[in-house]
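Reviewing the structure listed below.
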Amino acid sequence: MIVRTDAVVLKSMRFRDTSKIVTFYTRKFGKLAAVAKGAREPKSKFGAALEPMTEVHLVLYKKDQRDLQLVSQCDILRPFKTIHSEMPKMEAAMSVLELLHQLTHDEEENPALYRLVTDTLEAVEQAEKNVYNFVYAFELRFSALFGFSPSFDRCASCGRPAAENNPRIAFRIDRGGLLCSACAEARPMQRGTGRRLSGAATIKLSTAQILHRLLTARLDSLSSLGYHESVGNELDETLRSYLRYHFEQLRPLKSAGVFRMMSPGGHR
């Protein structure tokens with residue numbers, strides 16, 4: 001059966017002498033892999049359309065119960081040129097797509113997730129600074145789509161507003177919410193969020209406020225969101241712990257490690 005769908009190229013690998021196996025995240029079918037015959041030939045009809053971090057219109061010969069579909073045609077919709085040419089943007093985009101690849105199953109349609117992915121890539125493409133904010137925003141919004149939406153404005157235990165005057169506030173990794181002072185007093189507190197927790201961890205109040213904005217604000221506004229390096233480190237640690245708790249298949253992102261080796265001084 002011939003099918004058509006928009007898709008984002010997640011990854012590609014060599015297959016035999018002249019072909020590629022390409023993994024796509026598609027609007028209609030979710031994640032799937034397909035063979036692009038002749039894609040490595042010098043005059044391939046696919047050109048640059050099979051490069052990761054590209055949005056394409058895809059024509060497939062698709063057969064149910066087959067692990068590898070067959071690419072008939074693939075045309076570029078959005079090439080995301082600055083993502084491919086600027087290292088910080090490339091790291092952010094690759095981290096988003098790697099996370100998507102890890103945490104989704106094959107052929108599970110999710111139009112809302114497809115919109116989130118393409119909106120995130122477009123935001124990274126257009127951003128002038130602070131591009132890693134879009135990775136954090138994607139992680140939070142991805143969690144929300146799968147029923148694990150954290151809350152940063154109300155107490156996860158009693159439901160009252162969680163605004164505090166203290167510089168640090170309790171965050172329940174397991175329940176995905178803050179704890180007001182009254183509820184936190186009844187629970188053992190543990191500083192740091194670098195490992196899986198069954199109780200509460202404490203984070204800076206400013207970190208909680210930034211997490212709330214990353215989750216709820218318009219994507220195209222997040223490039224203007226800046227913060228101290230210490231807050232950035234806590235954002236990263238908090239989200240790693242939160243995702244590891246709720247998505248057991250999560251592994252360390254290879255993209256981030258590769259780019260850190262290429263740019264040891266940091267670039268976020």
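Can you confirm whether residue 82 is within 24 Å of residue 247 (Cα to Cα) and either surrounded by fewer than 22 Cβ atoms within 10 Å (Cβ to Cβ) or modelled with pLDDT under 95 (or both)? No; evaluated as a whole, the condition is false for this residue.
Listed here are the residues, each with its yes/no results for (1) buried (at least 22 other Cβ atoms within 10 Å of the Cβ); (2) part of a loop (DSSP other than H, G, I, E, B); (3) free of Cβ contacts under 8 Å to residues at least 24 places away in the same chain.
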{"residue": "89", "(1), (2), (3)": "yes, no, no"}
{"residue": "98", "(1), (2), (3)": "no, no, no"}
{"residue": "101", "(1), (2), (3)": "no, no, no"}
{"residue": "109", "(1), (2), (3)": "no, yes, no"}
{"residue": "116", "(1), (2), (3)": "no, no, no"}
{"residue": "131", "(1), (2), (3)": "yes, yes, no"}
{"residue": "137", "(1), (2), (3)": "yes, no, no"}
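Which of the following residues is at pLDDT 95 or above, over 19 Å from the mean Cα position of the chain (by Cα) and of a type in the set (S, T, N, Q): 73, 65?
Working: 65 fails: at pLDDT 95 or above.
Every option except 73 fails the conditions.
Within the stretch 217-242, residues that are in the same structural domain as residue 141 (by TED's automatic domain parsing) and within 15 Å of residue 138 (Cβ to Cβ) have Cβ atoms under 8 Å from residues that are among the aromatic types (Phe, Trp, Tyr) and assigned to a helix (DSSP H, G or I) in these pairs: 219/134; 222/134; 235/136; 236/136; 239/136, counting only partners at least 6 apart in sequence or on another chain.
Restricting attention to the stretch 41-68, which residues are over 26 Å from residue 96 (Cα atoms) and not aromatic (Phe, Trp, Tyr)?
Pass one, the stretch 41-68, residues over 26 Å from residue 96 (Cα atoms): 41-45, 61-66.
Once the filter is applied, which keeps residues that are over 26 Å from residue 96 (Cα atoms) and not aromatic (Phe, Trp, Tyr), the stretch 41-68 yields 41, 42, 43, 44, 45, 62, 63, 64, 65, 66.
Residue count for the stretch 177-197 satisfying the condition of being assigned to a loop (DSSP other than H, G, I, E, B) and either at pLDDT below 75 or touching a helix residue (DSSP H, G or I) at 6+ places or on another chain (Cβ under 7 Å) (or both): 9.
Residue 123 meets the conditions (1) among the aliphatic types (A, V, I, L, M); (2) closer than 19 Å to residue 253 by Cα; (3) in a helix (DSSP H, G or I) in every case but one. The failed one is (2).
Would you say residue 98 is of a type outside the set (Lys, Arg), in contact with a Phe, Trp or Tyr (Cβ under 7 Å, 6 or more places away or on another chain) and at pLDDT 95 or above? Here the answer is no, as residue 98 does not meet what is asked. Of all residues in the stretch 21-54, those satisfying the criterion of being surrounded by fewer than 21 Cβ atoms within 10 Å (Cβ to Cβ) and more than 22 Å from the chain's Cα centre (by Cα) are 21, 35, 37, 38, 40, 41, 42, 43, 44, 45, 47, 48.
The values are calculated or read from the model by the stated rules, or taken from the named source; none is laboratory data. This is a predicted model, so every value here is computed, not measured. In this analysis, Cβ positions are derived from the backbone assuming ideal geometry, glycine residues included, and neighbour counts consider all displayed protein chains.
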